[in-house]
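Heads up, the thing below is written out as C-alpha coordinates.
The values are calculated or read from the model by the stated rules, or taken from the named source; none is laboratory data. In this text, all values refer to a predicted model and were calculated from it rather than measured experimentally. Backbone-built Cβ (ideal geometry, glycine too); neighbour counts: all protein chains shown. The accessibility values were calculated without ligands, DNA or RNA, using every heavy atom of the protein model including side chains. Shrake-Rupley method; radii C 1.70, N 1.55, O 1.52, S 1.80 Å.
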Amino acid sequence: MVKVLLFAQFQEAAGRESVDVDAAGQPVGHVKSILKENYGLLDLDNATVAVNQEYTDMDTELKEGDTVAFIPPVSGG
(Lines give C-alpha, C1' and ligand atoms only; values in the text may rest on other atoms or scores of the structure.)
Protein backbone atom coordinates (compact mmCIF):
# COMPACT_ATOMS: atom_id res chain seq x y z
CA MET A 1 0.00 0.00 0.00
CA VAL A 2 0.91 3.62 -0.56
CA LYS A 3 -0.24 6.28 1.89
CA VAL A 4 -1.60 9.45 0.28
CA LEU A 5 -1.68 12.65 2.33
CA LEU A 6 -4.22 15.32 1.45
CA PHE A 7 -4.07 18.97 2.45
CA ALA A 8 -6.39 22.01 2.50
CA GLN A 9 -9.18 21.83 -0.10
CA PHE A 10 -8.19 18.28 -1.12
CA GLN A 11 -8.65 17.13 2.46
CA GLU A 12 -11.98 18.91 2.71
CA ALA A 13 -13.27 17.48 -0.58
CA ALA A 14 -12.25 13.91 0.31
CA GLY A 15 -13.43 14.21 3.91
CA ARG A 16 -10.21 12.72 5.26
CA GLU A 17 -6.55 13.57 5.87
CA SER A 18 -5.15 10.50 4.13
CA VAL A 19 -6.08 7.43 2.12
CA ASP A 20 -4.30 4.17 1.43
CA VAL A 21 -4.03 3.13 -2.21
CA ASP A 22 -2.76 -0.12 -3.71
CA ALA A 23 -0.33 1.55 -6.12
CA ALA A 24 3.09 -0.02 -5.56
CA GLY A 25 4.81 -0.33 -8.94
CA GLN A 26 2.59 2.35 -10.46
CA PRO A 27 3.48 5.98 -11.28
CA VAL A 28 2.22 8.86 -9.16
CA GLY A 29 -0.10 9.78 -12.03
CA HIS A 30 -2.00 6.53 -11.41
CA VAL A 31 -2.67 7.61 -7.82
CA LYS A 32 -3.87 10.98 -9.09
CA SER A 33 -6.34 9.23 -11.39
CA ILE A 34 -7.66 7.09 -8.54
CA LEU A 35 -8.17 10.15 -6.33
CA LYS A 36 -9.98 12.02 -9.09
CA GLU A 37 -12.26 9.08 -9.81
CA ASN A 38 -12.97 7.84 -6.27
CA TYR A 39 -12.94 11.11 -4.31
CA GLY A 40 -13.85 13.73 -6.91
CA LEU A 41 -10.56 15.61 -6.47
CA LEU A 42 -10.60 17.28 -9.86
CA ASP A 43 -8.21 20.11 -8.92
CA LEU A 44 -5.22 17.79 -8.51
CA ASP A 45 -3.77 18.95 -11.83
CA ASN A 46 -2.54 22.11 -10.11
CA ALA A 47 -1.10 20.33 -7.07
CA THR A 48 2.55 19.97 -6.19
CA VAL A 49 3.46 16.35 -5.51
CA ALA A 50 5.98 14.91 -3.09
CA VAL A 51 6.98 11.30 -2.49
CA ASN A 52 8.59 10.60 0.88
CA GLN A 53 8.97 14.35 1.45
CA GLU A 54 10.79 15.03 -1.83
CA TYR A 55 9.13 16.95 -4.64
CA THR A 56 8.64 14.83 -7.73
CA ASP A 57 6.57 14.45 -10.88
CA MET A 58 3.74 12.22 -12.07
CA ASP A 59 6.09 9.67 -13.67
CA THR A 60 7.81 8.64 -10.43
CA GLU A 61 7.24 4.95 -9.76
CA LEU A 62 5.94 4.19 -6.29
CA LYS A 63 7.17 1.47 -3.96
CA GLU A 64 5.38 -0.37 -1.17
CA GLY A 65 5.26 1.87 1.92
CA ASP A 66 5.83 5.17 0.08
CA THR A 67 4.00 8.29 1.21
CA VAL A 68 2.63 10.59 -1.47
CA ALA A 69 1.51 14.14 -0.65
CA PHE A 70 -0.68 16.27 -2.90
CA ILE A 71 -0.10 19.90 -1.92
CA PRO A 72 -2.50 22.50 -3.31
CA PRO A 73 -1.19 25.72 -4.78
CA VAL A 74 -0.84 28.51 -2.27
CA SER A 75 -0.87 32.24 -2.65
CA GLY A 76 0.99 34.68 -0.51
CA GLY A 77 0.16 38.12 0.48
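In percent, how large is the relative contact order of the chain, given Cα pairs closer than 8 Å and 6 or more residues apart? Across the chain, relative contact order equals 41 percent.
Take every DSSP beta bridge with both residues inside the chain and express the antiparallel ones as a percent of the total, to the nearest 5. The partial results should precede the final answer.
Details: 12 of 16 bridges.
Counting only bridges with both partners in the chain, antiparallel ones make up about 75 percent.
Think of each Lys and Arg Cβ as +1 and each Asp and Glu Cβ as -1; about the Cα centre, that makes the dipole of the chain roughly 160 debye. Taking mean projected area of the Cα convex hull in nm² as calculated from this structure, the corresponding entry among [x] 5.1; [y] 7.1; [z] 4.8 is [z]. Spin-label model, E17/K36: points 7 Å from Cα along the beta carbon direction are separated by 2.8 nm.
Excluding ligands, DNA and RNA, what is the solvent-accessible area per residue of the chain at a probe of 1.4 Å, expressed in Å²? Working shown, then result.
Values: 4760 Å² over 77 residues.
Spelled out: the 1.4 Å probe surface of the chain, per residue, equals 62 Å².
Between D66 and K3, the built amide H atoms are under 5 Å apart, and every one of these is 5 or more places off in sequence or on another chain. Could you tell me which residue out of V21, M58, F7 lies farthest along the dipole of the chain toward its positive end? Charges go on the beta carbon: Lys and Arg +1, Asp and Glu -1, centred on the Cα centre. Selected residue: F7. For the Cα atoms of the chain, what angle does the longest principal axis make with the long axis of helix 28-39, in degrees from 0 to 90, nearest 10? Roughly 60 degrees, rounded to the nearest 10.
When the GluC sites (Glu not before Pro) in the stretch 19-77 are filtered for DSSP coil states and for at most 12 other beta-carbon atoms within 10 Å of their beta-carbon, the remaining sites are E64.
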